[in-house]
Amino acid sequence: MAIDRRREAVGGGPGRQPPPAGENGSLPPGDAAASAPLGGRAGPGGGVGGGGGEIQPQPAPQPAGGGPHPGCCSAAAAPSLLLLDYDGSVLPFLGGLGGGYQKTLVLLTWIPALFIGFSQFSDSFLLDQPNFWCRGAGKGTELAEVTATGRWDAGDVANWTSPPTTPFTVAWGAAGNLSNSSGADGGDTPPLPSPPDKGDNASNCDCHAWDYGIRTGLVQNVVSKWDLVCDNAWKVHIAKFSLLVGLIFGYLITGCIADWVGRRPVLLFSIIFILIFGLTVALSVNVTMFSTLRFFEGFCLAGIILTLYALRIELCPPGKRFMITMVASFVAMAGQFLMPGLAALCRDWQVLQALIICPFLLMLLYWSIFPESLRWLMATQQFESAKKLILHFTQKNCMSPESDIKGVMAELEKELSRRPKKVCIVKVVGTRNLWKNIVVLCVNSLTGYGIHHCFARSMMGHEVKVPLLENFYADYYTVASIALASCLAMCVVVRFLGRRGGLLLFMILTALASLLQLGLLNLIGKYSQHPDSGMSDSVKDKFSITFSIVGMFASHAVGSLSVFFCAEITPTVIRCGGLGLVLASAGFGMLTAPIIELHNQKGYFLHHIIFACCTLICIICILLLPESRNQNLPENISNGEHYTRQPLLPHKKGEQPLLLTNAELKDYSGLHDAAAAGNGLPENATANGMKSM
């Protein structure tokens, strides 16, 4: 064909375009072999969600006649490909994860996860809404007043033996919210009343001193110390906001700073300031001071979480990243399981707060024992510091210089005069694929953590009457056990389906649980009103609990996997910034819970519907993500751009693929000229070849 001959005649000229990616995002055999030192191995694809044949990060060649691609430099200014291939050259030279020093550093990233778990779940104990009654009146008198309003039976008062233990429930008074009320149809503990209306609030809250029944093992917490009940109950929700809002701002700001000045300085300064603000929280004199200091505590906690997550990912070879990250998650959940015992041991909220923060004192030693991320130093071309750190690694691992088979140190010596090149997360706006991947994962994270509260409320809210869930500890450990089961399932699913396949499966489960809970339960409720239907409210409650457990299980996995996925596909030069965006989105999702509670559950149903619709959108968007399992981490923005979409299922042998390979893609540059000389072309000629007759 004339177009093909013309293209081949000028194929070696300066105007030749770089070959596009292949069907699965991989290079054709010839190009893949030529670029083997940078991309690692290239093999046939296999398995659902991608396998060994996925794209490896490659530096994008600069098109002729155009400016440089965002994040890349010209060929003359580019550093050695050997130095850019950290997973393929530098990490094997250092012994991979087999080196003793690397194992020590990974262990040092796991230990603080326990302290982080304590801090993240402290709100359940510091700000738990206790049962309260007017001091001096006694429980029986107060209950008699409530009986006068028509909320209690006379027999219920006689059965009362202790403050009710229903989680997130406030008994009488205006401090409660609708989701924090659940009761039983019978038994020794009477059903708890719904939040009284405005007229009842005026009578029940006409008291100057209160007695409290705290269910979390503490003798006193923040609510009981400053009487945050009745007209002051809204301050509890503001205190809950403060930690989450601090985390959101911390993720966004410390992420950008960590990409600019390094992971180590951000980690160390965050440790210092969380000690200052965290210990000062225990000395708060009023709830305003408490909420303000909790904001700054959350800000510093975000810096610790973010930098440790990035350091952990950047230390590991491709095959070990997920399991090492999951170990840190299990350690954090150990903190969640130990929190009730810690609260029972402390007995006072101030002692508990101090005990949660004091272990961070041990992390001050990280200044002398934890180095900067070598991967980040290499990616930002700080080769002088990278050389010193490599020598430090080889000394700690007792390695011989002869082990440098690929000549990493020799190449490093040639590049010592190069100036550092740091990148901010805002550069991602000028990319074609990278920003889309990050936005998709942000929406997934927001949806996963946002809808998790909807399922938790349905299971432990006032609608479902389950005797097991009337105890604070049963409620607390039920949520923790579901999270643990979710993480265990993630380990199995991701191993077989990959990152994208696993995320898609858990999102489908979340959507199904949400839609069935919204639709099927309403249908059952209508049928239960007919006496001949054979359905009762107990059937509806059992379905609600089942869908809620499945939804909490799947949504927790969606949120966690979205964060990990982002850490893998975001280039090293902006990894903390990308992680900050996804973690901040997760924080926004969690923030919807106290917002709904502050408005006394108004708009809850719409809240659930919106997130249910988001799950359907996310299912479609997940298919646009690349597969990062067993792939080298991208080091710069051009590497991240080459993580493109691949088919979820590999096409069968002999089947025509929907995505064309490099050999099938043709150059359209000569199409105009060919149209002008149309007399020289056959009638069945097309731009991509000859049309079959």
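The values are calculated or read from the model by the stated rules, or taken from the named source; none is laboratory data. Computed from a predicted structure; not experimentally measured. Reconstructed Cβ throughout: ideal geometry from the backbone, glycine too, with neighbour counts over all protein chains shown. These area figures cover heavy atoms from the full protein model, side chains too; ligands, DNA and RNA do not enter into them. Shrake-Rupley method; radii C 1.70, N 1.55, O 1.52, S 1.80 Å.
Tell me which residues, restricted to the stretch 426-439, are open to solvent by 20 Å² or more (accessible area, probe 1.4 Å), at pLDDT 85 or above and in a helix (DSSP H, G or I).
Once the filter is applied, which keeps residues that are open to solvent by 20 Å² or more (accessible area, probe 1.4 Å), at pLDDT 85 or above and in a helix (DSSP H, G or I), the stretch 426-439 yields Val426, Lys427, Val429, Trp435, Lys436, Val439.
Only residues in the stretch 491-503 that are farther than 16 Å from Gly319 by Cβ count as the first member; pair them with residues that are open to solvent by less than 10 Å² (accessible area, probe 1.4 Å) and of a type in the set (Phe, Trp, Tyr), Cβ under 9 angstrom, at least 6 apart or cross-chain, and list the lot.
Matching pairs, first to second residue: Val493/Phe506; Arg500/Phe565; Leu503/Phe565.
Output the number of the condition that Lys388 fails; it satisfies all remaining conditions of (1) in contact (Cβ under 8 Å) with a residue 12 or more places away in the chain; (2) charged (D, E, K, R); (3) open to solvent by 90 Å² or more (accessible area, probe 1.4 Å).
That leaves (1) as the condition not met.
Among the residues of the stretch 106-115, is any surrounded by fewer than 22 Cβ atoms within 10 Å (Cβ to Cβ), touching a Leu at 6+ places or on another chain (Cβ under 7 Å) and modelled with pLDDT of 90 or more?
Yes, the stretch 106-115 contains at least one residue that is surrounded by fewer than 22 Cβ atoms within 10 Å (Cβ to Cβ), touching a Leu at 6+ places or on another chain (Cβ under 7 Å) and modelled with pLDDT of 90 or more.
Going residue by residue through the stretch 270-292, is there one that turns out to be open to solvent by 40 Å² or more (accessible area, probe 1.4 Å) and closer than 23 Å to Pro371 by Cβ?
Checking the stretch 270-292: at least one residue is open to solvent by 40 Å² or more (accessible area, probe 1.4 Å) and closer than 23 Å to Pro371 by Cβ.
Test of understanding: among Gly319, Gly250, which residue is within 28 Å of Ser385 (Cα to Cα) and surrounded by 24 or more Cβ atoms within 10 Å (Cβ to Cβ)?
So the residue among Gly319, Gly250 that is within 28 Å of Ser385 (Cα to Cα) and surrounded by 24 or more Cβ atoms within 10 Å (Cβ to Cβ) is Gly250.
Could you list all residues from the stretch 408-425 that are part of a helix (DSSP H, G or I) and open to solvent by 50 Å² or more (accessible area, probe 1.4 Å)?
Ala410, Glu413, Lys414, listed by residue number.
Any idea which of (1) acidic (Asp, Glu); (2) over 21 Å from Ser124 (Cα atoms); (3) open to solvent by 20 Å² or more (accessible area, probe 1.4 Å) is the one Asp227 doesn't satisfy?
Asp227 satisfies all of (1) acidic (Asp, Glu); (2) over 21 Å from Ser124 (Cα atoms); (3) open to solvent by 20 Å² or more (accessible area, probe 1.4 Å) except (2).
Results for (1) under 33 Å from the mean Cα position of the chain (by Cα); (2) modelled with pLDDT under 90, shown as yes or no for each residue.
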| residue | (1), (2) |
| --- | --- |
| Leu361 | yes, no |
| Pro371 | yes, no |
| Gln381 | yes, yes |
| Ile390 | yes, yes |
| Glu411 | no, yes |
| Arg418 | no, yes |
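Identify, please: which residue in the stretch 503-516 is within 13 Å of His556 (Cβ to Cβ) and open to solvent by less than 10 Å² (accessible area, probe 1.4 Å) and is, among those, farthest from the chain's Cα centre (by Cα)?
Here the residue is Ala513.
When you check Leu275 against the structure, is it within 24 Å of Pro594 (Cα to Cα) and of a type in the set (A, V, I, L, M), yes or no?
no
Is there any pair linking a residue in the stretch 420-446 that is closer than 18 Å to Val573 by Cβ to one that is among the acidic types (Asp, Glu) and part of a helix (DSSP H, G or I), with Cβ under 6 Å and at least six apart or on different chains, and which?
Every condition considered, the pairs that remain are Thr431/Glu641; Asn433/Glu641; Leu434/Glu641.
Inside the stretch 334-346, can you point out the residues that are surrounded by fewer than 19 Cβ atoms within 10 Å (Cβ to Cβ) and either under 17 Å from Gln120 (Cβ atoms) or in contact with a Pro (Cβ under 9 Å, 6 or more places away or on another chain) (or both)?
Ala334, Phe337, Leu338, Gly341, Leu342 - these are the residues of the stretch 334-346 that are surrounded by fewer than 19 Cβ atoms within 10 Å (Cβ to Cβ) and either under 17 Å from Gln120 (Cβ atoms) or in contact with a Pro (Cβ under 9 Å, 6 or more places away or on another chain) (or both).
Identify all residues within the stretch 288-318 that are in contact with a Phe, Trp or Tyr (Cβ under 7 Å, 6 or more places away or on another chain) and under 21 Å from Ile248 (Cα atoms); write none if there are none.
Leu293, Phe296, Glu297, Phe299, Cys300, Ala302, Leu306
Yes/no per residue for (1) at pLDDT below 80; (2) part of a helix (DSSP H, G or I); (3) in contact with a strand residue (DSSP E or B) (Cβ under 9 Å, 6 or more places away or on another chain):
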site: Ser203; (1), (2), (3): yes, yes, no
site: Cys207; (1), (2), (3): yes, no, yes
site: Leu218; (1), (2), (3): no, no, yes
site: Phe241; (1), (2), (3): no, yes, no
site: Leu268; (1), (2), (3): no, yes, no
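For the stretch 614-626, enumerate the residues that are within 19 Å of Phe455 (Cβ to Cβ) and either open to solvent by less than 70 Å² (accessible area, probe 1.4 Å) or small (Gly, Ala, Ser) (or both).
Across the stretch 614-626, the qualifying residues are Cys614, Thr615, Cys618, Ile619.
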